[in-house]
Amino acid sequence: MTVETLLADLSLMTPELVLAIGALVLLLVGVYWRSEHGGSRIVMRLSMLLLVGAAGAAIYLAQGPGGDTFNGAFTVDAFGLYAKTAIFLAAAVALLLAFKYLETEKLAKFEYPVLVALAALGMAIMVSADDLITLYLGLELQSLSLYILAAFNRDSLRASEAGLKYFVLGALSSGLLLYGSSLVYGFSGTTEFAGIAIAASEEGTNVGLLFGLVFVVSGLAFKISAAPFHMWTPDVYEGAPTPVAAFFATAPKLAARALLARVLTEPFGAMVDQWQQVIILLAILSMAVGSFGALIQTNIKRLMGYSSIGNVGYALVGLSAGTAIGVWSVLLYFTLYIIGVAGAFAVILSMRKAEGMVERIDDLAGLSKTRPTLAWAMTALMFSIGGMPFLVGFFGKFFVFYAAVEAGLVWLVIIAVLFSSVSIAYYLRVVKVIWFDEPTGEFLPAPAGVAFVSRAAGLATVLLLPIMIGLISLVVNAGGGIGG
């Protein structure tokens, strides 16, 4: 490899290099800045700027032709750059939500924003992976950071339990993924996606490759919280510090779904008839578990955990189409979902009374009388996440349902609509508590960053309506492929 080739390859990895070098520098800053809160504050602010800068680098690269780097191990295309931009911005918002919470709960450590930046780096590598080894490196960099974040509050039994449960089950999923990858390598002779695609397109059913695909999908299903691999999600959402749960619900979810879409449509695109049945089953199970599991929840964070499982199912409806429209509809769906869920967690972070943070749904009682602006924001966010018509969340479901209908999966869309109708019940329960129950106490004023995110996200569910109408034509006319 010549120097010119190396520099060209590195230039296509600018967002990843910005995050990697920036995270190492911030780690040194945190270590040598010994003041009580000064070090964590400056590292937190610089980490947010670092993530925004990485998003800017991804947008800049989108103006170029893209291409493969390091002998096809890493690819830069419109799909990956879109996902990276959304991931970096979501991570920056998660840090904004965490800023005051960590100080109030005496958890303000400089390691927190560095771990978020490293997790975002792993996600960026994941979504641009063009090789099974690169995929695994990115996935484990993300996972190791998230394990630590889940148990970041070491003095909390719930947080320690959440981190341990996430770690043990995550190790199991990594084992499934590695075993599947070894089978894929053994029966295709390569770890590169292009080579696997050639082996998958050969005439006749390659049983070994099919078994490998099943294990790979099982490992990735854990990462996206798809049922029946969802068991960690409600417990981790409840036990982890609330800003960590907010981060888990946004950037990692988008990254894992983008990775699953790339794996299924690039190396295994020729086996769509085989994996489509598995994805349909995962979609139905996820919608069922998410819809009915959330109905009995009393903790708002556990409710959001089950909500995320259900929303995975709706996204898989679009992916099951096995088309370019289906792949892009998943990205659009989760972009809109992130707006709603980030705002919802901002409201949850506003649920602080004199005695401390509260998490029960009943604690929102009478919010319309005590904090009307927050009540309106939460109402809009619940309706948007639930997919109520004419809010941005509705258009997310429209995109994935359209992709499925185009692929002839009308029956699956009907099932999804039925489950969506069930899910509206638990969103309406939150709204009912906010508007019709008597107040049980008033929340303390929310930090400026948290208040801004909750209100901005609530407004976005309405103000983005014209843009969503325009995006319908984008989805309808999508073509080319995932790398287009």
*Please specify each residue of region 172-209 satisfying the condition of being outside any helix (DSSP H, G or I), out of contact with any Asp or Glu (no Cβ under 6 Å at 6 or more places or on another chain) and not acidic (Asp, Glu).*
Gly189, Thr190, Ser201, Gly204, Thr205, Asn206
*When region 148-169 is examined, which residues are found to be in a helix (DSSP H, G or I) and buried (at least 21 other Cβ atoms within 10 Å of the Cβ)?*
Leu149, Ala150, Ala159, Ala162, Gly163, Tyr166
_Selection status of Arg360, in contact with a Pro (Cβ under 7 Å, 6 or more places away or on another chain) and charged (D, E, K, R)_ = no
_Tell me yes or no: at least one residue of region 63-79 is in a helix (DSSP H, G or I), in contact with a helix residue (DSSP H, G or I) (Cβ under 7 Å, 6 or more places away or on another chain) and of a type in the set (Val, Ile, Thr)._
no
*Is it fair to say Ile284 is surrounded by fewer than 24 Cβ atoms within 10 Å (Cβ to Cβ), in contact (Cβ under 8 Å) with a residue 40 or more places away in the chain, of a type in the set (A, V, I, L, M) and farther than 18 Å from Ala162 by Cβ?*
yes
*Subset of region 390-426 [of a type outside the set (Gly, Ala, Ser), under 20 Å from Ala377 (Cβ atoms) and buried (at least 22 other Cβ atoms within 10 Å of the Cβ)]*: Leu391, Val392, Phe395, Tyr426
_Selection from region 309-326 of residues that are buried (at least 24 other Cβ atoms within 10 Å of the Cβ), aliphatic (A, V, I, L, M) and part of a helix (DSSP H, G or I)_ = Ile309, Val312, Ala315, Leu316, Val317, Leu319
*Among the residues of region 276-312, write down those that are in contact with a Pro (Cβ under 8 Å, 6 or more places away or on another chain) and basic (Lys, Arg).*
Arg302
*Any residue at all in region 22-32 that is out of contact with any Cys (no Cβ under 8 Å at 6 or more places or on another chain), at pLDDT below 85, more than 30 Å from Thr104 (Cβ to Cβ) and not in a loop (DSSP other than H, G, I, E, B)?*
no
_Just to be sure I understand, how many residues within region 436-453 are surrounded by fewer than 16 Cβ atoms within 10 Å (Cβ to Cβ) and not in a loop (DSSP other than H, G, I, E, B)?_
3
_Any helices (runs of 4 or more DSSP H) falling wholly within region 220-308 and containing at least 3 residues that are in contact with a Ser or Thr (Cβ under 7 Å, 6 or more places away or on another chain) and over 28 Å from Val114 (Cα atoms)_ = 272-294
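Residue-wise test of (1) under 19 Å from Asp130 (Cα atoms); (2) in contact (Cβ under 8 Å) with a residue 40 or more places away in the chain; (3) surrounded by fewer than 22 Cβ atoms within 10 Å (Cβ to Cβ).
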site: Arg45; (1), (2), (3): no, no, yes
site: Leu50; (1), (2), (3): no, yes, no
site: Thr75; (1), (2), (3): yes, yes, no
site: Lys84; (1), (2), (3): yes, yes, no
site: Phe88; (1), (2), (3): no, yes, no
site: Ala94; (1), (2), (3): no, yes, no
*Any idea which of Leu144, Leu178, Leu164, Leu121 is more than 24 Å from Ala73 (Cα to Cα) and not charged (D, E, K, R)?*
Leu164
*Would you mention how many residues in region 112-157 are at pLDDT 90 or above and either closer than 18 Å to Met48 by Cα or of a type in the set (Phe, Trp, Tyr) (or both)?*
19
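Residues are listed down the side, and each one gets a yes or a no for (1) touching a helix residue (DSSP H, G or I) at 6+ places or on another chain (Cβ under 8 Å); (2) buried (at least 22 other Cβ atoms within 10 Å of the Cβ); (3) modelled with pLDDT under 90; (4) more than 29 Å from Asn311 (Cα to Cα):
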position: Leu177; (1), (2), (3), (4): yes, yes, no, no
position: Ser181; (1), (2), (3), (4): yes, no, no, no
position: Ile196; (1), (2), (3), (4): yes, yes, no, yes
position: Phe215; (1), (2), (3), (4): yes, no, no, no
position: Ala226; (1), (2), (3), (4): yes, yes, yes, no
position: His230; (1), (2), (3), (4): yes, yes, yes, no
position: Asp235; (1), (2), (3), (4): yes, no, yes, no
_Cβ-Cβ under 9 Å, sequence separation 6+ or interchain: first residue in region 13-31 and over 12 Å from Leu46 (Cα atoms), partner crowded, with 19+ Cβ neighbours inside 10 Å and of a type in the set (Ser, Thr, Tyr). Which pairs?_
Met13/Thr69; Met13/Ser128; Pro15/Thr85; Glu16/Ser128
*Please verify whether region 246-264 includes one or more residues that are among the polar types (S, T, N, Q) and crowded, with 22+ Cβ neighbours inside 10 Å.*
yes
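The values are calculated or read from the model by the stated rules, or taken from the named source; none is laboratory data. Being a predicted model, the structure only gives us computed values, none of them experimental. Neighbour counts are summed over all protein chains in view; Cβ atoms, including those assigned to glycine, are modelled from backbone coordinates with ideal geometry.
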